[in-house]
Amino acid sequence: MAERGGTEDVRRRNLSAVLTAVHRSGPLTRAALVQRCNLTRSTMGALVGELADLGLVYETDAGAARVGRPSPLVHANERVVALAVNPDVDAVTVGVVGLGGKVHRRIRYATSSVPSLDEAVNITRAVVEGLAVELEGTRHILGVGLAVPGLVNADKGVVRLAPHLGWKDVDVVGPFREALATPAMAANDATLGTLAESIFGAAAGYQDALYLNGSASGIGGGAMVGGRPLSGSSGYAGEFGHMVVQPGGEACHCGRRGCLETEVNLERLLHVAGLDHADAEQLEDALLSGPSFPVLREIRRQADVLAVALSNLVNVFNPEVIVLGGFLGALFAADGDRLSAAVATAPISGLGAEVRLARAALGAELLLVGAAEAVFAGVLAEPRQVAAG
């Protein structure tokens, strides 16, 4: 990444490398950045100075841990933020996320019915207006990222189909952009969850990872293959919820029977736990607090079915780690040993024994962090764009 020839293109790439490093890895000394980016000290000083002038980083004293002049500690500026929105069938969750993946606020607005696009926009606008005082303290609001449970054409900002929300062939970024007067972008929720976990969570450091998210809208996921996200030819890869795991099983909205998301299902867990609704943390508390026999039986049934799906995915992708988020994380917490044992033995040629199963590390903040990453991608690639924004 060394700067050669002093060209603007090389400088732009180096600015991107420095900002991305402190965003993804946390505060780093200038000395550590020099080594990581393969740059000279003088070049690093100039790059950090420019990023600081743009308001994207700041420095603190790293202390005198070593002999000689200490190297300043460079931080991504958490006051440079993205708005993040996750509409689902039972709530619209809105967050404010800063560079470095710091979630400043998370507000879950429960809805009495499945929100329409207009309702989701209005709820988001009202929440953001309520945060006006807090947002005045930010340096830059870069845009709004939408994590949508469905098939999303991220390039066009169009939801092809979000079946549980009832959204079909609709422009989602336009209404949010107009309502919030800020750039907007959208992507599939599980795809963004995969991105977040691969950068900040349980899949960080792994080149080949799978992520499955379970919510009231069903099950989706994503794959990191060789360190790169697998998107598919049209950007719709990762619809793991529509693998048939129980031929002739429950009818699915997709027209088939026995899909994973009909057999491993939040509504079924809520029913046996005696809950009308709950987020992942509340569900986990219910599943772990002395569950009755019907609850245990449903936990085991769903764990066994999920193990079939995960074993199939191991055979296809040969991942190093599988990360489970949303209510799947609660299910893993309730009977992780059973699930891990089944996945370790079922795939062919012992492949499962090499796979680590993990709970999503980012918890309830996961999709907000992922949605913010969609917004941050632009400034990470071209830090100078904030000066023009």
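Annotations
- Taking every protein chain into account, the accessible area of the chain amounts to 44 square angstrom per residue (probe 1.4 Å).
- At most 13 other Cβ within 10 Å, DSSP loop - trypsin sites (Lys or Arg not before Pro), region 142-199: Lys156
- Rel. contact order, % - alpha carbon contacts under 8 angstrom, at least six apart, region 7-76: 37 percent
- Region 202-361 - share of DSSP beta bridges that are antiparallel (%, nearest 5): 50 percent
- For the peptides 116-128, 83-95, 14-26, the ranking by mean Cβ contacts within 10 Å, running from highest to lowest, is 83-95, 14-26, 116-128.
- Placing unit charges on each Cβ (+1 for Lys and Arg, -1 for Asp and Glu) gives region 202-361 a dipole about its Cα centre, and among Ile219, Gly329, Leu288 the Cα reaching farthest toward its positive end belongs to Ile219.
- Projecting the Cα atoms of Gln385, Val97, Pro72 onto the dipole axis of the chain, where Lys and Arg carry +1 and Asp and Glu carry -1 at the beta carbon, places Pro72 farthest toward the positive end.
- Selection of GluC sites (Glu not before Pro), region 212-286, meeting DSSP coil and at most 16 other Cβ within 10 Å: Glu250
- Probe 1.4 Å - accessible area at Phe240, Å² to nearest ten: 20 Å²
- Karplus (6.51, -1.76, 1.60) ³J(HN,Hα), θ = phi - 60°, over region 200-210, in Hz, Gly and Pro reported as x: 10, x, 5, 9, 4, x, 9, 7, 10, 9, 10
- Close amide H pairs (under 5 Å, H built 1.01 Å from N) link Leu357 with Ile322, residues at least 5 positions away or on another chain.
- Per-residue [θ]222 nm for the chain (sum of -39500 (n - 2.57) over DSSP H runs n ≥ 4, rounded to 500): -13000 deg cm²/dmol
- Distances between placed amide hydrogens fall under 5 Å for Asp279 paired with no residue 5 or more residues away or on another chain.
- Amide hydrogen neighbours beyond the local backbone of Lys156, cut-off 5 Å, H modeled: none
- If only the Cβ of Lys and Arg carry +1 and only the Cβ of Asp and Glu carry -1, the dipole of region 149-286 around its Cα centre is close to 540 debye.
- Separation of alpha-carbon centers, region 349-389 and region 77-148, rounded to whole Å: 17 Å
- Only Lys, Arg (+1) and Asp, Glu (-1) charged, at Cβ; the chain dipole about Cα centre in debye: 1100 debye
- Across region 350-357, rounded Karplus estimates of 3J(HN,Hα) from the backbone phi angles (6.51 cos²θ - 1.76 cosθ + 1.60, θ = phi - 60°) give x, 4, x, 5, 8, 9, 9, 9 Hz, Gly and Pro being marked x.
- Here region 1-148 is assigned +1 on the Cβ of each Lys and Arg and -1 on the Cβ of each Asp and Glu. Its dipole about the Cα centre then comes out at about 780 debye.
- Computed from backbone phi with θ = phi - 60° and the Karplus coefficients 6.51, -1.76 and 1.60, the 3J(HN,Hα) list for region 34-40 is 4, 5, 5, 9, 6, 10, 7 Hz; x is used for glycine and proline.
- Among Leu351, Gln246, Leu269 the positive-end extreme of the charge dipole of the chain (Cβ point charges): Leu351
The values are calculated or read from the model by the stated rules, or taken from the named source; none is laboratory data. None of these values were measured; they are calculated from a predicted model. All Cβ positions, glycine included, derive from the backbone under ideal geometry; neighbour counts span all protein chains shown. Each accessible area value is taken on the protein alone, full model and side chains, heavy atoms only, with ligands, DNA and RNA left out. Shrake-Rupley method; radii C 1.70, N 1.55, O 1.52, S 1.80 Å.
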